[in-house]
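Down below is the structure, laid out as structure tokens.
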Amino acid sequence: MSGMIFADSLSRLGTESAFVVLARAQALAQQGKDIINLGIGQPDFATPEHISEAAIKAIRDGQHGYTPANGILPLRQAVAADLHRRHRVEVNPDNVVVVPGGKPTMFFAVMMFGQPGAEIMYPNPGFPIYESVIKYSGATPVPIALEEKNGFAFSAEQVLSQITERTRLIIINSPANPTGGVTPKAEIDKLVAGLMDHPHVALMSDEIYSQMLYGGREHTSLLQYPEIRDRLIMLDGWSKTYAMTGWRLGYAVWPEAAVDHVTRLCINDHSCVNAPTQYAGLAALNGPQDCVTDMVAQFDARRQVIVDALNDLPGVRCADAAGAFYAFPNIEGTGLTSKQAQDKFLEEAGVATVAGTSFGAWGEGYLRFSYANSTENILEAISRIKKLL
Ligand code: PLP
């Protein structure tokens, strides 16, 4: 036993169970088991070649030094142009801060506002890192309950009713992980209008799945509300859109008053994103976008396959998945808890999924299926589960 004495805060830090499932699935695969991974939330496509080539060229061109902590200017300009193209909004490239992935923005935002006595609201079930980091910061996590009957959209009324004078930050996420839920524009309008009465509350809108909406739905970016731009952190990135999860590249648009704070956090934490990756990100934004449209079309086709197949399972009910690349069926009718279903499906059917409870207490009774996998694998996975049930 080591005599080291760790900081108390570590006991409050959670994790992302998808990585634990991934490790177990890989261990089973190494033992020769045939595993279909519907657990991890990453595109199964390769990064488009012109993007990878840009990074290779950057290395050859000698782009191997530090860059500005907030990212190279052409990349921040390209982000602003992309946001104008997609959301019809004006963004000053000086407010864009490029970081290694989507996660650092949420970590920094929570660290900036979280401390004992502060309250931070977050979606539940939601991306597990929100609750984990809020607890780590010492702040009190206040869940925004997301329910199947509302298509897993948040209710503005519920969010607004939970605001107190201690509320510092509200985190929202649409399209959402793990539910695939998309919050309708009318609800966002209501939230923004209500926030006018609470000028002390900042908002972080996690829009990492902003290009993955289906069935004719359109994304509403919080950037489209000028009245909250002075307290809005809008998170987006390359991981999901351009199949670049392993590159570690993301960004956020920060309000004027927070830009220096977040830049200092970057300097203290990682200095800057590695330079060749930033050139890859630049090629992604400035290059042709049909790679994105193609991937999204394939996700949409698989989405329809998986939702139908899940609804065909005994004891399972799956709502229409409106966005991202997740289906979040209700499995209560199987008699299994979320965790039991996750373990049973992996160990006995060789299908990796993630228990709804990995995304918060409100996820009990649900299981997350990532459909970032081939249609063939999806159908095989569901047929194995069907046999088991
Ligand atoms: N935000 C949400 C809602 C996510 O689901 C994820 C990844 O799963 C991220 C952020 C983090 O993305 P990245 O891998 O770029 O850190």
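A short reminder: the numbers here are calculations on the coordinates, not readings from a lab. Every value quoted in this text rests on a predicted model; they were computed, and no experiment measured them. Cβ placement follows ideal geometry from the backbone for every residue including glycine, while neighbour counts extend to all protein chains displayed.
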Only Cα pairs within less than 10 Å get springs; with that Gaussian network setup on the chain, which residue of G323, G246, G114 has the largest fluctuation?
G246
Less than 17 Å from a label point 7 Å out along the Cα-to-Cβ axis of E147: which backbone N atoms in the range 351-370 qualify, by residue?
361-366
At what distance in nm do the modelled label points of D34 and E90 sit from each other, each positioned 7 Å from its Cα along Cα→Cβ?
6.0
At what distance in nm do the modelled label points of A23 and S11 sit from each other, each positioned 7 Å from its Cα along Cα→Cβ?
2.1
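Compute the relative contact order of the range 222-277 as a whole-number percentage, counting only Cα pairs closer than 8 Å that sit 6 or more residues apart in sequence. Each step should come with its number before you reach the end.
On the way: 47 pairs, mean separation 16.4, N = 56.
The value is 29 percent.
Please tell me the relative contact order of the range 65-286 in percent, rounded to the nearest whole number, where contacts are Cα pairs under 8 Å and at least six residues apart.
Values: 401 pairs, mean separation 62.3, N = 222.
Value for the range 65-286: 28 percent.
Which of L195, L10, L249 comes first, and how do the rest follow, when ranked by fewest Cβ neighbours within 10 Å?
Numbers: L195 22, L10 8, L249 25.
Arranged by neighbour count, lowest to highest, L195, L10, L249 become L10, L195, L249.
Can you show me the helix-derived [θ] at 222 nm for the chain, built from DSSP H runs with n ≥ 4 at -39,500 (n - 2.57) apiece and divided by the number of residues, rounded to the nearest 500.
Numbers: 12 runs with 153 residues, N = 389.
So the calculated ellipticity at 222 nm is -12500 deg cm²/dmol.
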M204's amide H: which non-local residues (gap 5+, or another chain) put their own amide H closer than 5 Å, with H modeled 1.01 Å from N in plane and none for Pro or chain starts?
I170, I171, I172, I233
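Using Cα-Cα distances under 8 Å and only pairs 6 or more residues apart, what relative contact order does the range 318-383 have, in percent? Display every interim value, and only then the final one.
On the way: 90 pairs, mean separation 21.7, N = 66.
RCO, the range 318-383: 33 percent.
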Computed from every Cα-Cα pair in the chain, P(r) in 20 Å bins starting at 0 and rounded to whole percents is 28, 59, 13
Please identify the DSSP H helices in the chain that span no less than 18 Å along the helix axis (Cα) and have a mean Kyte-Doolittle hydropathy of 1.0 or more.
17-30
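For a protection proxy built on the mean count of beta-carbon atoms within 10 angstrom, sort 345-355, 289-299 highest first, please. Each step should come with its number before you reach the end.
Values: 345-355: 22.7, 289-299: 15.8.
Taking the mean over residues of other Cβ atoms within 10 Å, the ranking is 345-355, 289-299.
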Under the 7 Å Cα-to-Cβ spin-label approximation, I59 and T337 lie apart by a distance in nanometres of 4.7
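Compute the convex hull volume of the Cα atoms of the range 65-286, divide it by the residue count, and report the result per residue in Å³ as a whole number.
Details: hull volume 25.1 nm³, N = 222.
Hull volume normalised by residue count: 113 Å³.
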Take every Cα-Cα distance within the range 9-52, group them into 5 Å bins from 0 onward, and report for each bin the whole-number percent of pairs it holds.
5, 17, 17, 16, 14, 15, 9, 5, 1
